[in-house]
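Only one structure is covered here, and it is reproduced in the block below.
The values are calculated or read from the model by the stated rules, or taken from the named source; none is laboratory data. Small disclaimer: the values here were computed from a predicted structure and weren't measured. With ideal geometry, Cβ positions are generated from the backbone for all residues, glycine too; neighbour counts draw on all protein chains shown. Ligands, DNA and RNA are stripped out before the accessible areas are found, and what is left, the full protein with its side chains, is counted by its heavy atoms. Shrake-Rupley method; radii C 1.70, N 1.55, O 1.52, S 1.80 Å.
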Amino acid sequence: MAKVEIKQPVVNEISEKIKNAQAVVLVDYRGLTVAQDTELRKALRAEGVSYKVYKNTMMKRAFEGTDFAQLDGMLDGPSAAAISETDPAAPARILAEFAKKNPQLEIKGGVCEGKFFDENTIKEIASIPPRDQLLSRLLGSMQSPMANFARVIKQIAEKQPEAAAEALATEEAPAEAPAAE
């Protein structure tokens with residue numbers, strides 16, 4: 001069997017994974033123990049990120065013609081790819097957090113939503129909270145003014161029931177037009 005026939009399934013596997021990927025982050029994993037690597041894989045898997053070590057030449061072939069071809073310059077030395085199809089910040093967030101505790105893990109760079117980012121920018125992307133947390137913050141900030149307004153109206157109504165009823169009645173009544181002279 002020719003070498004190309006052996007390598008083609010691996011290239012196809014990488015191509016299939018990156019086809020719908022929103023982010024790919026490359027790391028140098030040298031120096032990690034088996035326990036550390038297992039811990040990293042578990043954290044990535046929990047967020048729906050696939051993580052695998054591939055040969056650089058295989059990744060280069062799979063990246064050809066895609067946005068991820070921008071990573072070709074970083075494919076030297078041992079490389080592992082963290083690929084996310086759902087949350088573009090998830091690989092960066094998990095890898096940066098893990099690298100803080102385990103400095104042996106070196107983030108090389110990545111492509112997030114079609115744009116190339118170096119190691120420092122990947123670490124900045126890592127500070128972005130997950131999507132569900134951002135949505136809950138947005139919802140909370142939208143509900144806060146309404147809730148505060150409702151509390152104030154309730155307090156006014158409890159203190160002066162007649163005055164509150166009059167205030168509401170005046171707001172609902174149409175403004176009278178000034179008399180013509």
Which listed residue, of A62, A23, A43, A35, is closer than 15 Å to K108 by Cα and at pLDDT 85 or above: A23
Hey, D76 outside any loop (DSSP other than H, G, I, E, B) and either free of Cβ contacts under 8 Å to residues at least 40 places away in the same chain or open to solvent by 70 Å² or more (accessible area, probe 1.4 Å) (or both) or not: no
Hits in region 16-60 - residues which are of a type in the set (G, A, S) and either more than 22 Å from D118 (Cα to Cα) or free of Cβ contacts under 8 Å to residues at least 24 places away in the same chain (or both): A35, A43, A46, G48
Hits in region 45-73 - residues which are of a type in the set (A, V, I, L, M, F, W, C) and buried (at least 21 other Cβ atoms within 10 Å of the Cβ): V49, M59, A62, F63, F68, L71
Residue check for I6: surrounded by fewer than 19 Cβ atoms within 10 Å (Cβ to Cβ), hydrophobic (A, V, I, L, M, F, W, C) and either at pLDDT below 90 or not in a helix (DSSP H, G or I) (or both): yes
Any hit, region 131-140, residues being of a type outside the set (D, E), touching a residue at least 12 places away in the same chain (Cβ under 8 Å) and surrounded by 12 or more Cβ atoms within 10 Å (Cβ to Cβ): yes
